[in-house]
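Reviewing the structure listed below.
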């Protein structure tokens, strides 16, 4: 009698399960490949709205960016799409392109054309990576709504420090010489310029300096003042260094005018009572009030007019008390002067 063979039921079940899994996996791969292949060859009708342009196209492309490239449609920074670029296209899809508004920005010596759909200028600049410094100036303002063909100007404002070596000029000190005429001048000390290191705070707008403010100054070489001796006898204006003169007294006087008189030999009297030549700056006084040889400065009561520096060098029969007679070079000057009230400074 032949022995009968029986299949292991568990083994059969195991084979059947593996077969089912393999078959299912194969079907999944086939369906995926088929879907992809079909996607490339299945045509789709797409409507593209690009601003005011409406286009109806037929394409076999799967993704939005591929379809735009196929149609020769380029996008600029700032343009907006109603669908992401990597969206899968389906039949009868509608793609809307909202073009960014052109903005012309003058900055850093150049004009940049940017595009944006932002609401405000601030957002548009950020979108296009245009950064403003803390002190930069912009026209119009950042909160201005974006419009087509907008004109924008940005001025770069920078603050820096600038260290410079500068000359410290010598000053001129005037020492008045009351014994010499106003034309006399003699340099007693030549002097020399000094130097200093000066730190400035400098503000520039688009590279052009608009302000400079001194922060610190350090003298590295002190200047030596020039000293000049100048005659003041007969000078009509006060020298810059009259503070070096010391006033002993001030007298209010009545002043008249005189000039050189004929000497009967075709000439003019050239000498005064003091022996000095008769000239501008030599005045006649009453020696009991103002001694001969006294150094004077004479001006009007209100200071609006000045005879200048003078010396009491002459006398006159009519000059009594608080009266002085001022020498002028011509008779016409004497007539024009007439009689006036003056202030006489008695100098040491």
**Item:** Estimated FRET transfer efficiency (residue 127, residue 66; beta-carbon r; R0 30 Å; 0.05)
**Value:** 0.70
**Asked** Taking a quarter of the surface of the Cα convex hull of the stretch 269-322, what do you get in nm²?
**Response** 3.9 nm²
**Message:** Report the per residue volume, in Å³, of the convex hull enclosing the C-alpha atoms of the stretch 44-98.
**Reply:** 69 Å³
**Complete:** On the formula 1/(1 + (r/R0)^6), with r taken between the Cβ atoms of residue 147 and residue 110 and R0 of 30 Å, the FRET efficiency rounded to 0.05 is 0.85
**Prompt:** Taking only the alpha-carbon positions of the stretch 101-155 and ignoring solvent, what does the Debye formula give for the base-10 log of I(q)/I(0) at q = 0.14, 0.16, 0.17 Å⁻¹?
**Reply:** -0.29, -0.38, -0.43
**Asked** Roughly speaking, what is the stretch gain from residue 225 to residue 155, that is 0.36 nm per residue apart minus the C-alpha to C-alpha distance, in nm to one decimal?
**Response** 20.6 nm
**the stretch 180-232, Cα convex hull volume normalised per residue, Å³** = 133 Å³
**Asked** Could you give P(r) for the stretch 56-201, binned at 5 Å from zero, as whole percent values over all Cα-Cα pairs?
**Response** 2, 7, 11, 11, 7, 7, 7, 7, 5, 4, 4, 4, 4, 4, 4, 3, 2, 2, 2, 2, 1, 1, 0, 0
**Prompt:** Fewest to most neighbouring Cβ within 10 Å: what's the order for 107, 285?
**Reply:** 107, 285
**Complete:** Cα gyration tensor of the stretch 246-347 diagonalised, 5x eigenvalues square-rooted, in angstrom largest first, produces semi-axes 22, 15, 11
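No lab work stands behind these numbers, since they all come straight from the coordinates. Here the structure is a predicted model, which means the values were calculated and not measured. Note that each Cβ is placed from the backbone with ideal geometry, even for glycine, and that neighbours are counted across all protein chains shown.
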